[in-house]
Amino acid sequence: MSELKPIFNALWRSKTGALLLIVQIAVTLAIVSNAAFIIHDRVSFLNQDTGLKAEDLFRFNLYTFGKNVDIAKQQEIDETLLRAIPGVADAVVINQVPLSGSGDSTNFHLKPTPQQSRGARAAFFMADENLLNTLDVKLEDGRNFEAADVVYSQGFDKTANVLLATRSYVNELFPDGDGLGQTIYLGDNPFKIIGIIAPMKGPWLDDEQADNVALIPQVMAAPFKRVLIRTEPGRRGEVMQQVEKVLLASESERVVSRITGVDKLLLEQTSQDRLMKNMLLVLITVLLLVTALGICGLALFNVGRRTRQIGTRRALGAKKSDIVRYFLLENTLVSLIGIVLGVGLALAMSDVLMRHYSLPRLDNWFILYSLAGIYVMGVLAVYWPAQRATLISPSIATRSV
Amino acid sequence: MLSMTNISKVYRSEMVQTNALRDFNFQVNEGEFIAVTGPSGSGKTTFLNIAGMLETYTGGTYQLDGIDVGRLSDNGRAELRNQKIGFIFQGFNLIPDLNLYENVEVPLRYRGIKAAERKRRIERCLEQVGLGARAKHVPAQLSGGQQQRVAIARALAGEPRFLLADEPTGNLDSLMARQVMELLENINKDGATIIMVTHDPELARRAQRNIQVVDGQICDFKLYQGGLEKQRAGAEV
């Protein structure tokens, strides 16, 4: 370490370039560590398991404008027709589409209103007894809906009285884990929890309670409805092309629209997150590149400025490896000072991001990874100029000034 | 202790081939103080560079303390240079960002000498050149003569067997030049072998032997205690 002292002294005596580089390294570390942390956070968010095979699911809207159409009856016909299309695994008319980014949620409580009791919010999907199979979500405990459980209504004039729910939701209402078979209330309407289903996401990925999902066996007859179809793997494209023709053949006074894969809906829902991730990646890349160029540039400048000095050092006995070592140590010193400042700056930046943008606290590992990365990048950036310095002949020391 | 036999040095560019040294034969004995003179472009500096292993030669044999320099690698030459040779340059070649102590320390660090021993040598050598009190100063705070004395201290700190001096008074006024010359004479009296390239015939006369280089060959004048003897060009000395 005693070698660092004269290098530090030399840097201190002509400090402008080194100080600029120290600031650049500190800022780079602060931004890169925070950006890497946000990217990691977004990648985890984007790669989370939805519990659904989005690539096999698609949805569409069906709006019936014919005045003489029996909506409820036509709905039954439609479901039968759709389930008969080759390649369709199952289909349901549904109130909202999972992973679509829009939908409804509600609070169920342990006691009917107006009594005060524990409550928890959940996204709720309403469809007939084919819902679980259409979603292709496993029943972990209890039983699935039966045809007798399904309530057909014009609105909320009557409601179902059973439901299925994810375990995370049931456990939120019943922390002791004994929710199966219990009754919960939506207003004063009772719903008995008859089954626990495997984890699945509701309509929103970025919801704090995205895992809280309830399935209700109820179908409301209305001119406008959404339909969710699951196809056999790899057959979604061909089924998507047929649905409009099949449905219009049965009843022409209606419009089929927005035939869209659920994976595409998911992509639309997460487009901002992917954009942010990509922009931060570009930012990190550019910053690292600029810093690497800064380090390389300063080293090259120093090689040029110190040509005679390097020749003199060689004349006094420095081996080529000593010259490389000198530049690496000099860079290490600059990097270390920049890194120390950068760690403080990274934590301060994280604090600001936490307070103003509700981001989680920066994980210290990201600072560690970033500083290691920046240090290694600095070593690589300085290596080429250092190698060039070794090509300076010691005989330059005797050339005239 | 230094022996050059038929040393030649050729510089080649696309258009031109320059024979900087031709059939250069030269021996140096322990404790000698030799002045190398000659007109500009005669090959003095090339000779000094080869003697100091600062550059390689094209042909011939060069032995330093019995070691065949031609067989050494770049690292081997650097090591031998560091251990056996002290350099004094016309432009002093002090490192401007380092203080005097750190400047003198440079060759000692490359030799791997421990800190305590380095300190002892640096302090002794700076005292020897009369700059012990200014160890923390940087070169820019010194006069030219003082800078050259620091360079001499740096050359001495490694306790070399040879001192190679390239126009050591070339950038100094006459008073400073005299002081530096007296310092070199004292160092020589203490046992160091000195080879000094100079343009100044007055200084050359103060050496024990004067080698004149013309067109890359030796045209030798010997100066022994006032006696003058001329030898033919290219003769072995």
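The values are calculated or read from the model by the stated rules, or taken from the named source; none is laboratory data. Treat the numbers as computed from the prediction; the structure is a model and nothing was measured. Ideal geometry is used to build each Cβ from the backbone, glycine not excepted, and the neighbour counts take in all protein chains shown. Just so you know, the surface numbers come from the protein's heavy atoms only, side chains and all, with ligands and any DNA or RNA stripped out. Shrake-Rupley method; radii C 1.70, N 1.55, O 1.52, S 1.80 Å.
Conditions first: (1) surrounded by fewer than 17 Cβ atoms within 10 Å (Cβ to Cβ); (2) not in a loop (DSSP other than H, G, I, E, B). Residue B:199 passes all but one, so which condition is the exception?
The one condition residue B:199 does not meet is (2).
Take the conditions open to solvent by 10 Å² or more (accessible area, probe 1.4 Å), assigned to a strand (DSSP E or B), touching a residue at least 60 places away in the same chain (Cβ under 8 Å) and away from chain A (no Cβ under 11 Å) and apply them to residue B:6. Does it pass?
When the stated conditions are applied, residue B:6 does not pass them.
Please work out which residue is modelled with the highest pLDDT, limiting yourself to segment B:200-229 and to residues that are over 22 Å from residue B:184 (Cβ atoms) and of a type in the set (Asp, Glu).
B:215
Of the conditions (1) farther than 30 Å from residue A:362 by Cα; (2) basic (Lys, Arg); (3) surrounded by fewer than 19 Cβ atoms within 10 Å (Cβ to Cβ), residue A:121 fails just one. Which one is it?
(1)
Give the residue that is nearest to the other protein chains (Cβ to nearest Cβ), with candidates limited to residues of segment A:374-392 that are of a type outside the set (A, V, I, L, M) and open to solvent by less than 40 Å² (accessible area, probe 1.4 Å).
From segment A:374-392, those of a type outside the set (A, V, I, L, M) are A:375, A:378, A:383-385, A:387-388, A:390; that's our starting set.
With open to solvent by less than 40 Å² (accessible area, probe 1.4 Å) added as a condition, the list becomes A:378, A:385, A:390.
Details: A:378: 21, A:385: 17, A:390: 9 Å.
Ranking the qualifying residues of segment A:374-392, first place goes to A:390.
Do you know which of the residues in segment B:76-104 that are under 20 Å from residue B:191 (Cβ atoms) and open to solvent by 40 Å² or more (accessible area, probe 1.4 Å) is farthest from the other protein chains (Cβ to nearest Cβ)?
B:84
Please go through segment A:114-162 and give me each residue that is among the basic types (Lys, Arg) and touching a residue at least 12 places away in the same chain (Cβ under 8 Å), ordered by number.
Once the filter is applied, which keeps residues that are among the basic types (Lys, Arg) and touching a residue at least 12 places away in the same chain (Cβ under 8 Å), segment A:114-162 yields A:118, A:121, A:138, A:143.
If you go through segment B:54-108, how many residues are basic (Lys, Arg) and over 19 Å from the mean Cα position of the chain (by Cα)?
Result for segment B:54-108: 1.
Can you name the condition, by its number, that residue B:15 falls short on among (1) free of Cβ contacts under 8 Å to residues at least 12 places away in the same chain; (2) touching a Ser or Thr at 6+ places or on another chain (Cβ under 6 Å)?
Unmet condition: (2).
Which condition breaks for residue A:313 when tested against (1) within 14 Å of chain B (Cβ to nearest Cβ); (2) open to solvent by less than 10 Å² (accessible area, probe 1.4 Å)?
Of the numbered conditions (1) within 14 Å of chain B (Cβ to nearest Cβ); (2) open to solvent by less than 10 Å² (accessible area, probe 1.4 Å), the odd one out for residue A:313 is (2).
Name every residue in segment B:105-136 that is of a type outside the set (Asp, Glu), more than 12 Å from every other protein chain (Cβ to nearest Cβ) and open to solvent by 30 Å² or more (accessible area, probe 1.4 Å), in order of residue number.
Correct list: B:120, B:124, B:128, B:130, B:133, B:134.
Just to verify a result, which residue in segment A:98-134, among those that are polar (S, T, N, Q) and part of a loop (DSSP other than H, G, I, E, B), is farthest from residue A:184 (Cα to Cα)?
Top of the filtered list is A:100.
From the set of residues in segment B:168-196 that are part of a loop (DSSP other than H, G, I, E, B) and among the polar types (S, T, N, Q), which is surrounded by the fewest Cβ atoms within 10 Å (Cβ to Cβ)?
B:171
Which ones in segment A:219-245 are surrounded by 23 or more Cβ atoms within 10 Å (Cβ to Cβ) and at pLDDT below 95?
A:219 - this is the single residue of segment A:219-245 that is surrounded by 23 or more Cβ atoms within 10 Å (Cβ to Cβ) and at pLDDT below 95.
Conditions first: (1) under 30 Å from residue A:31 (Cβ atoms); (2) free of Cβ contacts under 8 Å to residues at least 12 places away in the same chain. Residue A:316 passes all but one, so which condition is the exception?
Status for residue A:316: all satisfied but (1).
Given A:277, A:319, A:225, A:245, which one is within 14 Å of another protein chain (Cβ to nearest Cβ) and of a type in the set (Lys, Arg)?
Exactly one residue qualifies, and that residue is A:319.
Which residues, counting only those in segment A:357-401, are small (Gly, Ala, Ser), outside any helix (DSSP H, G or I) and on the phi < 0 side of the Ramachandran plot?
Initially, segment A:357-401 is screened for residues small (Gly, Ala, Ser), giving A:358, A:370, A:372-373, A:378, A:381, A:386, A:389, A:393, A:395, A:397, A:400.
This time we only want the ones that are outside any helix (DSSP H, G or I), so: A:358, A:393, A:400.
Within segment A:357-401, A:393, A:400 qualify.
Being of a type in the set (A, V, I, L, M, F, W, C) and open to solvent by 100 Å² or more (accessible area, probe 1.4 Å) is the filter; apply it to segment A:1-20 and report the residue that is farthest from the other protein chains (Cβ to nearest Cβ).
Kept after step one, since they are of a type in the set (A, V, I, L, M, F, W, C), are these residues of segment A:1-20: A:1, A:4, A:7-8, A:10-12, A:18-20.
Still in the running and open to solvent by 100 Å² or more (accessible area, probe 1.4 Å): A:1, A:12, A:20.
Working: A:1: 11, A:12: 8, A:20: 17 Å.
Within segment A:1-20, the match that is farthest from the other protein chains (Cβ to nearest Cβ) is A:20.
Taking segment B:137-155 on its own, how many of its residues are open to solvent by 10 Å² or more (accessible area, probe 1.4 Å) and more than 13 Å from every other protein chain (Cβ to nearest Cβ)?
Total satisfying the criteria: 4.
Among the helices (runs of 4 or more DSSP H) lying completely within segment A:219-324, list those that include at least 2 residues that are in the same structural domain as residue A:79 (by TED's automatic domain parsing) and over 34 Å from the mean Cα position of the chain (by Cα).
A:236-250
When residue B:55 is evaluated against the numbered criteria (1) farther than 23 Å from residue B:24 by Cβ; (2) facing chain A (nearest Cβ under 10 Å), which criterion, by number, is the only one it fails?
(1)
Mind counting the residues in segment B:47-75 that are open to solvent by 20 Å² or more (accessible area, probe 1.4 Å) and either in a helix (DSSP H, G or I) or polar (S, T, N, Q) (or both)?
So the answer is 9.
Looking at the structure I just gave you, is residue A:201 part of a loop (DSSP other than H, G, I, E, B) and in contact with a Leu (Cβ under 7 Å, 6 or more places away or on another chain)?
yes
Do you know which residues across segment B:205-220 are surrounded by fewer than 19 Cβ atoms within 10 Å (Cβ to Cβ) and among the hydrophobic types (A, V, I, L, M, F, W, C)?
Of everything in segment B:205-220, those that are surrounded by fewer than 19 Cβ atoms within 10 Å (Cβ to Cβ) and among the hydrophobic types (A, V, I, L, M, F, W, C) turn out to be B:214, B:219.
Would you confirm whether any residue within segment A:26-43 is of a type in the set (A, V, I, L, M), within 12 Å of chain B (Cβ to nearest Cβ) and crowded, with 17+ Cβ neighbours inside 10 Å?
no
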